[in-house]
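Written out below as structure tokens is the structure these notes cover.
The values are calculated or read from the model by the stated rules, or taken from the named source; none is laboratory data. What you see is a predicted model; the values in this text were computed from it and never measured. We place every Cβ from the backbone using ideal geometry, glycine too, and count neighbours over all the protein chains shown. Remember, those area values only see protein heavy atoms, side chains included, never the ligands or the DNA or RNA. Shrake-Rupley method; radii C 1.70, N 1.55, O 1.52, S 1.80 Å.
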Amino acid sequence: MATVPRIVPMNEMPKPDEIEMSIGYPCVSMLEKSSRVLQKAATDCASKSQSWIELMQYGPENGDEMFRKMLAEFLTRQYQSDVLADELYVTTGASFGVTMLGVTLFAAGDVVFVEDPSYFLVFKMLEMCKLNITSVPTDEQGIIPAALEEAVTVHVAKNASRPLTEDRPYRGLVYLIPTFHNPTGRCLADERCKQIIDVARKHKLLIICDDVYNFYYFTEKPPKRLYSYDTRTDPDYMGSVVSNGSFSKVLPPGIRLGWLEAPHKLLRLLAYNGLALRGRRRTQAILGIMGAALESGQLDEIVVESRLSVKVLLAIALCYKVVLIVREFVLSVPVC
């Protein structure tokens, strides 16, 4: 008879014979390997005395320039689409990215549209920003554009009298997980992506995409990111999408390092925000260590191995589900 795997509390490390499925971070073997890579990167970085001294200082508002270049090259390889260094803004993680955008670009009482269902912890972040949360239904292809349009028409109309300014150029926020959605695992369909962009441009909305799962594709090419659909050459382009990324799904989450990929005009608004200035000052030393790890090429290897480990875990979870179904069927069959 199959045994039920123990759900390991968040403050405990799972044992070798346990499978952690209650929270999203790398498995123990990948945590150990990535920790060794980061330890070596820290040693290499510290051996360069001048570099180490510089890393003990406050850094540039949007993150060290050399690190952003290496990060852009890394993301370009992983996404298989161009990522530009001057469109990257270093953060202390995806949660910080959501909160910073909510606080900086929106006023208390502004509306944020969220998929139903969505990542359960995001609601606390959005409530901290004092935004009014409105759920929008989804189907097998993701968020329903017509439902979003209807919700926007109703709720944004209430704030229509508030003038848009250079500091706050958007009427509302849309929070999406378009790629490998949590909790459904769906990817937003191609046509849906285009329709959502149209709605955002029409109503002057900002879409923040939680792109923290994009590395975990099992096909030859990864799904196209929603950010790529917001084409600059379009006549009605206004910069409607931000990609919110993090290393927390492939590296130890204690690293607390992420990034925003955003239009230049939005990055300028973030550059001197008080919350942003405090946040980036916590990352400078980490940027040096991560820069050394990126330069070594070992982070690419970790992503590949992490992708394989997740694929194995999915197979185990599927087999376990089958065992439970079979067991339930066997127990339900009356004995003759």
Between SER309 and LEU324, how many nm apart are label points set 7 Å from Cα along the C-beta direction?
-> 2.3 nm
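Protein chains only, probe 1.4 Å: how do MET128, MET30, MET56 rank by accessible area, largest first? Walk me through the intermediate numbers first.
Working: MET128 135, MET30 10, MET56 105 Å².
The ordering from most to least exposed comes out as MET128, MET56, MET30.
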Choice from VAL303, VAL312, VAL326 showing the highest fluctuation, given a GNM over the chain with Cα pairs closer than 10 Å = VAL326
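Specify the longest stretch of the chain that does not include any exposed loop site, a site being one of the GluC sites (Glu not before Pro) with a non-H, G, I, E, B DSSP assignment and at most 14 other Cβ atoms within 10 Å. Write out the running numbers ahead of the final one.
On the way: sites that count: GLU12, GLU18, GLU140, GLU166, GLU220.
Maximal segment without exposed cleavage sites: 19-139.
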How many angstrom separate the Cα center of the range 164-188 from the Cα center of the range 26-96?
-> 25 Å
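At R0 = 41 Å, how high is the FRET efficiency between ASP44 and ILE316 if r is their beta carbon distance? Nearest 0.05 is fine.
On the way: r = 36 Å, r/R0 = 0.88.
Once the sixth-power term is evaluated, E becomes 0.70.
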Taking LYS40 as the anchor, which lysines have their alpha carbon closer than 19 Å to its alpha carbon, excluding any fewer than eight residues away along the same chain?
-> LYS48
³J(HN,Hα) computed for each position of the range 75-91 - Karplus, 6.51 cos²θ - 1.76 cosθ + 1.60, integer Hz, glycine/proline x = 5, 4, 5, 6, 7, 6, 8, 5, 10, 9, 4, 7, 10, 10, 10, 7, 10
How large are Rg and Dmax for the range 162-203 when only the alpha carbon atoms are used, in Å?
-> 13.4, 38
Taking the Cα-to-Cβ direction at LYS221 and at LYS194 and moving 7 Å from each Cα, how far apart do the two end points lie in nm?
-> 1.6 nm
Please check the chain for the longest run free of chymotrypsin sites (Phe, Trp or Tyr not before Pro) that are loop-located per DSSP (anything but H, G, I, E, B) and have at most 14 other Cβ atoms within 10 Å.
-> 121-217
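Tell me, what % of the accessible area of the chain is carbon and sulfur with a 1.4 angstrom probe? Provide the component values of the computation, followed by the final result.
On the way: 9990 of 17060 Å².
Its accessible area is 59 percent carbon and sulfur atoms.
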Whole-number Å³ per residue for the convex hull built on Cα positions in the chain = 158 Å³
Extension gain, THR76 back to THR231 (0.36 nm per residue minus Cα-Cα distance, nm) | 54.1 nm
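Using only alpha carbon pairs under 8 Å that are at least six residues apart, calculate the relative contact order of the chain and give it in whole percent. All intermediate terms of the calculation are to be shown ahead of the outcome.
Working: 494 pairs, mean separation 83.2, N = 336.
Here the relative contact order equals 25 percent.
Less than 13 Å Cβ to Cβ from ALA200, Lys/Arg counted +1 and Asp/Glu -1: what total charge do the surrounding residues give? Spell out each step's value before the answer.
Values: positive: ARG171, ARG192, LYS194, ARG201, LYS202, LYS204; negative: GLU149, ASP198, ASP230, ASP234, ASP236.
Net charge around ALA200: +1.
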Under a point spin-label approximation (7 Å from Cα along Cα-to-Cβ), what is the SER296-SER29 distance to one decimal in nm?
-> 2.0 nm
